[in-house]
Amino acid sequence: MYKFKINGKGYEYSKDISLLTFLRDNLSITSVKNGCNQGACGTCSVLVDSRVMKACVVRLSKVENKSVITVEGLSSKEKEIYTYAFGKTGAVQCGFCIPGMVIAAKGLIDQNPNPTRDDVKKAIRGNICRCTGYVKIEDAILLAAEIFRDNKTISKENSKGKIGEEFVRVDAKVKTLGVAKYVDDIVIDEMVYGKAIRLPIARAKILSIDKSKALEHPGVLAVYTAEDIPGERYIGHLQKDWPVLIAEGEETRYIGDAVALIVTKTKEQLKEASKLVRIDYEELEPITNPFDSMKEGAYEIHKKGFNQFGNHYIPKNNILYNPILKRGDVDKALEKADFISEHDYYTPFTEHAFMEPECAIGIPKADGIKVISGGQGIYDEYREISEALGLAKEKVEIQSAYVGGGFGGKEDMSVQHHAAIMAFLLKRPVKVLLSRQESINIHPKRHAMYMHFKVGCDKNGKILGTKAQIISDTGAYASLGGPVLERACTHAGGPYYYENVEIEGKAVYTNNPPAGAFRGFGVSQSSFAMESALNELAEKVGISPWEIRFRNAVRPGQPLPNGQIAEQGTAFLETLEACKDYYYNYLNKDQYYVGIASTLKNAGLGVGVEDVGRCNLYIDNGKIHIRSSAAGIGQGIQTVLTQVVCETLNISPEKLIIDHPNTSTTPDSGTTTASRQTVFAGEAARRASLKLKEDLKKYDLKNLDKKLYIGEFSFDSDPLGTKKKNPISHVAYSYATQVAVINKEGKVVKTLAAHDVGKVINPKSIEGQVEGGTLMSMGYALTEDFPLENGIPKVKYGTLGLLRATDVPEIKSVFIEKNNVKLAYGAKGIGEISSIPFVAAIQNAYYNKDGIFRTSLPLKDTFYKKGK
């Protein structure tokens, strides 16, 4: 019997289980999160006799006669101060890592009341944050230390929630204190546990599935196979090419394919019982690169499918999609070029590494189903789960819990459909939670791309044309492989003014894990190539990389390489000017090497795809409920909507309540993707508010009780391949320029990020987005990789190469506000573009250091990847 104290109360327990399991399952202490269960992420940090430890790797025997403290056990004063500090500084985004950060902060401040920033970095080095870039978290800990040390009084926030104010995020408090409920924090009466059974190899033919032994296990409630699926077996985000379960006689296409589903009374029984399902299979040779996949005679990974417009198609040579963007006569233009940059580039698969592993709960409802999800688009889940169950949509309800990060990796089905099927068939609530390794193996990644870029300019550095071929490894299933490749192609020409481009892309099926949406959405890859090429051309011309961008920068009224005319709110030139002095200052310092890159990124789906944002306002008992299905994955859309409503109505934020996305109450605002929700849901909120504003001229809120105000915004764009001279590809573009500074050792030490954002909604939030995006971009450039062997990931969460607080350079942000349109008060998306340009800027800085022109990621032979 092990005896110990938890938050001052004595406990004893006979089994030597992990402290994390005891805290969460036995005591329902949910501030302690299960982020990786490998001791790598720090979301389960606790204090054991004042020492910060990871609860997932500590057994109860190690805490015998010791005292454990979680966020729940902090004093009232401590809770108040940490809540204030983390909210005030903008340290909270998705929030999943924050309770662990608070514990690390307490562990530091209790020992060192006057820490330096370096002290803070070291204290949280064991805690990963994928959202913030750590800067705001460091600010929060330093502020908390100051308040404790000087016994300062916390001033009450008096923000009116207007556009441009430093308004504390609406969910900052509940996330800081660990009371915000993510899916795995939720327990339903009579809930049982399920999981999918998968093979350990990428490609196999299923010969037979024998579930008889498993059904004899006393804890097993059911085992389901393909023939048990009530509705459509093939679903998918855009293309219906992804089977819910692989049937006998069929082939698996990647390591994540599910072959059977099993439900047990307790989650401890899942692992043992799963081994009792006997699956006989024939191992087959996988195709693991797109070039082999496109060879004549290669086996067909998909014999048929549906294209993105819902029509049947038969993939030829395993090519999912083959977009071509062509304007002008690029071959003739390149013949006239004085200088050419021509290289092959490669970017690898990348893992999203969001802090919260995928989890869903299926709950039976009469003759229907409810699913509690942590995804990025409840209406996509609504549609696909309805199809898999063969149910009318009105019999399906999807409710979003808090979401612990996404970055595009939670757009596809992972656990939601399996939880729904098991709960629907069993008629009991079923929770499905992926282990971190399952998450790494299963969900779609950032696309690996093989790119050939040929860019030419005249003797003055004027770009004459760009010709590129982009081969994208879309893995086993389509996911968003088509749109991602489109964005890579439409943005390949960069934010410059010239007429001649020819970009051809091919998205190719392989037996690797699927590739789908990832922050940057294909532009991260093609921008790396284009910006690196432009830097090389500058050297050949004899001008600086800053100067070649200035000479070619698109100005308002000029067409981009894809033909769209840059609107009057375009401020690309201003981002360059904001970086000029900073860039040239470090260009002339002996102890540093400097690099620069620019980019553009669309807002909205664009290219002819229907795109609608929705937000309703509902009056209830004197409060205004803001209702939108726009998923909050850390970017702060709920706070954006709150500020839009406050601005439009000139009303106190205390009168507003944000409702969680739910298909029964909140309207379809589309997926949180494509940097679209600030523009689309934000404009919908403005329009709904204008309707309410008219009524408030005559009535007060009590007189408007139970009234609903509907807000909707849609935008029509032109499809790729249109014959229009100047098509409208997207509703808006953001622009950015970023400078990277490395020291003599090659360590990234400083950066300036200048962004055309249209209008700043929330200064702290937008800074946090840039800091987080910059660090993610730095990891992509230098440390992150996703090695595969025969289609099988050979990586754990702790070996992904994720950067820690001690790796963060000094990040300075500059925001240009030039867009004066009424649409969403002029705001443009910042979530994706913030993660794009730093890669090529770092490549350029390293070239200036050692003269090596690196063309693949992560960059080889650097301070971070020596000898590789």
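The values are calculated or read from the model by the stated rules, or taken from the named source; none is laboratory data. Nothing here was measured: the structure is a model prediction, and the numbers come from that model. Neighbour counts run over all protein chains shown; Cβ positions are idealised from the backbone, glycine included.
Of note:
- Within the set Lys796, Lys865, Lys818, the sole residue that is basic (Lys, Arg) and touching a Leu at 6+ places or on another chain (Cβ under 7 Å) turns out to be Lys865.
- Among (1) at pLDDT 95 or above; (2) within 30 Å of Asp412 (Cα to Cα); (3) of a type outside the set (Ser, Thr, Tyr) - the single one Pro545 does not satisfy: (2)
- One residue stands out in the range 468-511 among those that are out of contact with any Gly (no Cβ under 7 Å at 6 or more places or on another chain), assigned to a loop (DSSP other than H, G, I, E, B) and not hydroxyl-bearing (Ser, Thr, Tyr): the one that is nearest to Asp756 (Cα to Cα), namely Pro495.
- Filter result for Gly133 (part of a loop (DSSP other than H, G, I, E, B), surrounded by fewer than 24 Cβ atoms within 10 Å (Cβ to Cβ) and touching a residue at least 24 places away in the same chain (Cβ under 8 Å)): no
- Output for the range 614-655, where each listed residue is closer than 20 Å to Ser765 by Cβ, under 20 Å from the mean Cα position of the chain (by Cα) and either assigned by TED's automatic domain parsing to the domain that holds Val484 or assigned to a loop (DSSP other than H, G, I, E, B) (or both): Ser628, Ala630, Ala631, Gly632, Ile633, Gly634, Gln635, Gly636
- Lys723, sole failed condition from (1) more than 30 Å from Glu502 (Cα to Cα); (2) free of Cβ contacts under 8 Å to residues at least 12 places away in the same chain: (1)
- A single entry from Leu708, Leu752 fulfils the requirement of being in the same structural domain as Leu696 (by TED's automatic domain parsing) and either touching a strand residue (DSSP E or B) at 6+ places or on another chain (Cβ under 8 Å) or touching a residue at least 40 places away in the same chain (Cβ under 8 Å) (or both): Leu708.
Yes/no matrix, rows are residues, columns are (1) surrounded by fewer than 19 Cβ atoms within 10 Å (Cβ to Cβ); (2) part of a loop (DSSP other than H, G, I, E, B); (3) over 35 Å from the mean Cα position of the chain (by Cα):
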{"residue": "Lys156", "(1), (2), (3)": "yes, yes, no"}
{"residue": "Arg169", "(1), (2), (3)": "no, yes, no"}
{"residue": "Val179", "(1), (2), (3)": "yes, yes, no"}
{"residue": "Ala202", "(1), (2), (3)": "no, yes, no"}
{"residue": "Lys213", "(1), (2), (3)": "yes, no, yes"}
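- Yes/no for Lys5 being charged (D, E, K, R) and outside any helix (DSSP H, G or I): yes
- Flag for Lys195 being among the basic types (Lys, Arg) and over 33 Å from the mean Cα position of the chain (by Cα): no
- Among the candidates Leu775, Leu859, Leu823, Leu800, the residue that is in contact (Cβ under 8 Å) with a residue 40 or more places away in the chain, within 30 Å of Leu284 (Cα to Cα) and among the aliphatic types (A, V, I, L, M) is uniquely Leu800.
- Qualifying position, being basic (Lys, Arg), part of a strand (DSSP E or B), modelled with pLDDT of 95 or more and surrounded by fewer than 21 Cβ atoms within 10 Å (Cβ to Cβ), among Lys812, Lys849, Lys818: Lys812
- Residues being in contact with a strand residue (DSSP E or B) (Cβ under 7 Å, 6 or more places away or on another chain) and either small (Gly, Ala, Ser) or part of a helix (DSSP H, G or I) (or both) - total across the range 545-595: 20
- Residue list for the range 264-281, filter: among the charged types (D, E, K, R) and in a loop (DSSP other than H, G, I, E, B): Lys265, Lys267, Lys275
- Members of the range 61-75 that are within 34 Å of the chain's Cα centre (by Cα) and assigned to a helix (DSSP H, G or I): Val71, Glu72, Gly73
- Among the criteria (1) among the charged types (D, E, K, R); (2) farther than 20 Å from Arg233 by Cα; (3) more than 22 Å from the chain's Cα centre (by Cα), the one Glu358 does not fulfil is (3).
- Number of the exception - Leu261 against (1) under 32 Å from the mean Cα position of the chain (by Cα); (2) part of a strand (DSSP E or B); (3) farther than 28 Å from Ile792 by Cα; (4) not β-branched (Val, Ile, Thr): (3)
- Extreme residue, surrounded by the most Cβ atoms within 10 Å (Cβ to Cβ), among residues of the range 333-387 that are assigned to a strand (DSSP E or B) and hydroxyl-bearing (Ser, Thr, Tyr): Ser373
- Within the range 77-130, the residues that satisfy the criterion of being among the charged types (D, E, K, R) and under 18 Å from Arg804 (Cβ atoms) are Arg117, Asp118, Asp119, Lys121, Lys122, Arg125, Arg130.
- Residues being without any contact (Cβ under 8 Å) to a residue 60 or more places away in the chain and out of contact with any strand residue (DSSP E or B) (no Cβ under 6 Å at 6 or more places or on another chain) - total across the range 597-644: 2
- Residues being assigned to a helix (DSSP H, G or I) and either surrounded by fewer than 24 Cβ atoms within 10 Å (Cβ to Cβ) or not aliphatic (A, V, I, L, M) (or both) - total across the range 390-421: 6
- Note on the range 654-671: residues that are crowded, with 20+ Cβ neighbours inside 10 Å and farther than 22 Å from Gly377 by Cβ total 1.
- Scope the range 8-29; condition part of a loop (DSSP other than H, G, I, E, B) and either in contact with a strand residue (DSSP E or B) (Cβ under 8 Å, 6 or more places away or on another chain) or assigned by TED's automatic domain parsing to the domain that holds Lys265 (or both); matching residues: Gly8, Ser14, Asp16, Ile17, Leu27, Ile29
- Qualifying residue in the range 429-437 (condition: within 27 Å of Asp367 (Cβ to Cβ) and surrounded by fewer than 24 Cβ atoms within 10 Å (Cβ to Cβ)): yes
- Checking each residue in the range 422-439 for being in a loop (DSSP other than H, G, I, E, B) and either of a type in the set (S, T, N, Q) or over 19 Å from the mean Cα position of the chain (by Cα) (or both) picks out Lys427, Arg428, Pro429, Ser435.
- On the stretch given as the range 442-452, residues that are farther than 17 Å from Phe407 by Cβ and either buried (at least 20 other Cβ atoms within 10 Å of the Cβ) or among the aliphatic types (A, V, I, L, M) (or both) total 3.
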